[in-house]
Amino acid sequence: MTTEMFRGPVRFLTIASFVTTVGSGLYLAGSMLFFTRVVGLGVPGVSTGLAVATAVGILSGLPLGAVADRVGPRGLYVATQGVQATAMFLFPMAHSFAAFLALVTVAAIGQRGAQAVGGALVARISEPGERTRIRSHLRAVTNLGMGIGAAAAGVALQLDSTAGYTLLILANGLSFLAAAGLLLKIPSVRPVPRPPGARRMEAVRDRPYLALSLLCGVIAFQYDVVSLVLPLWLVSHTAAPRWWLSLLLVTNMAVVVLFQVRATRWVRGPLPASTALRGAGFLSLAGCTVLALAAGVSAPVAAALLLVGVLLLSSGELGLAAGAFEVSFALAPEHAQGQYQGAFNLADGVVRAASPVVLTALCLEWGKPGWVVLGVVLALCGLATRPLTRWAVRTRVLPVPEAPVPVG
């Protein structure tokens, strides 16, 4: 960091992010079993509730980001942690679908709101050239935290008890409270005044910005390739041993943790960001093609091809994250960072909501040709980011942002 005053805030934000993602790892590993075995809901009911909550959460990011622009992001970010903690603590008392739906929706609003408000907070406690690097650092930390949390949840999963599953949920709630306490150590910063003539919800009218957000959402299908499709592809279409999947997932996490920050070094400005996104698209094409080739070959060859494919996709993740972070910050007006982060997440979330259906149809049902089609689509989206970025740059004056001003 180049600003001595704000080493502390970034450090507190990093620790808070790590704490919450350890809790989230615990929650994600055991939540489905908690809701079905402890709360007493059926799998279809839980799936429906989660889908509704996700949709509401996606829509909440934009208005909460706009509120952060008006009142300042620190206090609102703390509030989102409190909201999520409250939902976690109340889950053990929810024994009906209505109660579950209400609480899971509140938790989703807090979680999605935190993404937009957290982006605004990064923008206000750091200098412009540091924001992408900080977000990448946070992404590396959160991947590590999720992995640790998921591994720790294995103890409760092995016990297979009501107390164990409940403990996972409550521990997640405690992680949000701990994070809120850490975030209170970050000084509040003044909102950037809205210039005369600026519209209240200008982000939703910024067509090149929204178009870039949508393309980033499509390229981000590669995230779900590793987490969603790869396990099923390995088990049902290749001869690789099932235990190889654990090594592949650990490899993906390790690449992100070790190299995400380094991937941002040359991403300085919108056009270099589009170059990173273009590279992510081509790496996705290469990774998808290699994964397709893993079907119909011997176990050792399949294992090697799967590893190469995951390494290619993981490398693409690095460029995608760095490029997406940079365009989301660099193309947003300083007075509206919160709503622009919310708009970026909204567009990304809407597109990625279709990811499970699209990936299942292409990769698992169609097979090898579907993998190649997916890779070609991701590569074309990466190519399209360049002209869209040039359009975005032409339609705005990129200001020199103010230095963050602490107010307490």
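Could you give each residue of region 288-297 its phi-based ³J(HN,Hα) in whole Hz, using Karplus coefficients 6.51, -1.76, 1.60 with θ = phi - 60°, and x for Gly or Pro?
Karplus values, whole Hz, x for Gly and Pro: 5, 5, 5, 4, 4, 5, 6, 7, x, 10.
Provide the gained length on full extension for the span ARG265 to VAL43, in nm with one decimal, where the gain is 0.36 nm per separating residue minus the Cα-Cα distance.
75.5 nm
So what are the ³J(HN,Hα) numbers for region 63-77, from phi and the Karplus equation (6.51, -1.76, 1.60; θ = phi - 60°), rounded to whole Hz, Gly and Pro as x?
In residue order, the calculated couplings are x, 5, x, 5, 5, 4, 5, 8, 10, x, x, 4, x, 5, 5 Hz.
Hey, got a sec? Which chymotrypsin sites (Phe, Trp or Tyr not before Pro) in region 263-345 land in a DSSP loop and have at most 15 other Cβ atoms within 10 Å?
TRP266
Per DSSP H run of at least 4 residues, take -39500 (n - 2.57); add these up for the chain, divide by its residues and hand me the 222 nm value, nearest 500 deg cm²/dmol.
-25000 deg cm²/dmol
Measuring from label point to label point, each 7 Å out along Cα→Cβ, what is the VAL376 to ALA152 span in nm?
4.7
Starting from the 7 Å offset along Cα-to-Cβ, what nm value, one decimal, do you get for the label separation of LEU383 and THR395?
Computed distance between label sites LEU383 and THR395 equals 2.3 nm.
Treat the count of other C-beta atoms within 10 Å as a stand-in for reagent exposure and order LYS368, LYS185 from fewest to most.
Listing LYS368, LYS185 from fewest to most nearby Cβ atoms yields LYS185, LYS368.
What is the set of long-range amide H partners of VAL189 at a cut-off below 5 Å, with H atoms built 1.01 Å from backbone N?
Result for VAL189 returns ARG74, VAL407.
Under a point spin-label approximation (7 Å from Cα along Cα-to-Cβ), what is the LEU28-LEU90 distance to one decimal in nm?
2.5
Match the structure shown to one of the listed values (i) 175; (ii) 240; (iii) 126 of volume of the Cα convex hull per residue in Å³, computed from it, and give that label.
(iii)
Which value, in debye to the nearest 20, gives the size of the charge dipole of the chain about its Cα centre, when Lys and Arg are +1 and Asp and Glu are -1 at the Cβ?
860
The numbers here are math on the coordinates, done by the rules we state, and not lab data. All figures in this text were calculated on a predicted structure; none of them were measured in a lab. No Cβ is skipped: glycine too gets one built from the backbone with ideal geometry, and neighbour counts run over all protein chains shown.
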